[in-house]
Amino acid sequence: MSVYRDAAVVLGSYKFGEADRVVVLLTQNYGKVRAVAKGIRKTKSSIGARLEPMSHVDVSLRTGRDLDTIDQVRLIEPLQVLRSDFDRLRQGLSMVEAVNKITPDREPVPHLFEVLTRALHFLNQQSSPLLLASFFWRLISLEGGTPQLDECVDCNERENLCYFDVQQGGVHCGACRSGVPISESAIEILRWILGGRMNEALALEESIPVHEVNRLAMEAMEAHLERRLKSLGVFDRHL
Ligand SMILES: [Zn+2]
């Protein structure tokens, strides 16, 4: 048995045996790891509070045959504001849930870890009508699904782009029309999110284009999750 230590974000947990829980962690260097927190359900131990979903922790783990065991946990960043605001809490939980669903065990995903910790940190400090949508677009993009925004998916036309097709992953011109109508401003916001101008996107207030980007993000994430689960071939009952 060996002991290792890493930074991690808690993605979720489920009951295990009489008094334990298996905590699903996205670690910075080892990817998604499932580890047993022993006795966590029996005592009113403070370790339980540190292992709530979304917690950003520094964790010591002991390797086991099937599951690792959690030795020690230290909170890196308490997310008090996030946890006390219902809407932000909902957004944060949607983020960790999506990450949990698309990430296979034990496959290092350091970029995803960084995007997730940044998003949770941002959400704890301030709110933005585009944070969850931006996070979903980044997530899809990290997985190789960056939408095509500069030319029509079908005919490569670069003008009159006014439809977005989630299944095909990109914009369509007025002639090829497929998917749902999208405004020029919404396409521009998508370019900001995916093209390194995230801060500008996050500073936007509620508006119709912002709403369009949000709605498309939810749809795109759903389609992506479906594809991902199909490609994994199995549905994990612990998701
Ligand atoms: Zn076209």
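The values are calculated or read from the model by the stated rules, or taken from the named source; none is laboratory data. Just so we're clear, the structure is a prediction, and the values are computed from it rather than from any experiment. Using ideal geometry, Cβ is built from the backbone for each residue, glycine included, and neighbour counts are taken over all protein chains shown. Accessible surface areas use protein heavy atoms only, side chains included; no ligands, DNA or RNA. Shrake-Rupley method; radii C 1.70, N 1.55, O 1.52, S 1.80 Å.
Of note:
- The conditions of being aliphatic (A, V, I, L, M) and surrounded by fewer than 15 Cβ atoms within 10 Å (Cβ to Cβ) are met by A49.
- Helices (runs of 4 or more DSSP H) wholly inside the range 1-106 containing at least 1 residues that are closer than 30 Å to N214 by Cβ: 80-84, 86-102
- Among (1) open to solvent by 50 Å² or more (accessible area, probe 1.4 Å); (2) within 24 Å of E114 (Cβ to Cβ); (3) at pLDDT 95 or above - the single one L239 does not satisfy: (3)
- Restricting the range 168-191 to residues that are assigned to a helix (DSSP H, G or I) and surrounded by 19 or more Cβ atoms within 10 Å (Cβ to Cβ), the residue that is nearest to the ligand (Cβ to nearest atom) is I187.
- Scope the range 70-108; condition among the β-branched types (V, I, T) and open to solvent by less than 30 Å² (accessible area, probe 1.4 Å); matching residues: I70, V73, V96, V99, I102, T103
- Listed by first and then second residue, the pairs linking a residue in the range 135-156 that is touching a residue at least 12 places away in the same chain (Cβ under 8 Å) to a residue that is within 16 Å of the ligand (Cβ to nearest atom) and hydroxyl-bearing (S, T, Y), with Cβ atoms under 8 Å apart and 6 or more places separating them unless they lie on different chains, are V153/S178; D154/S178.
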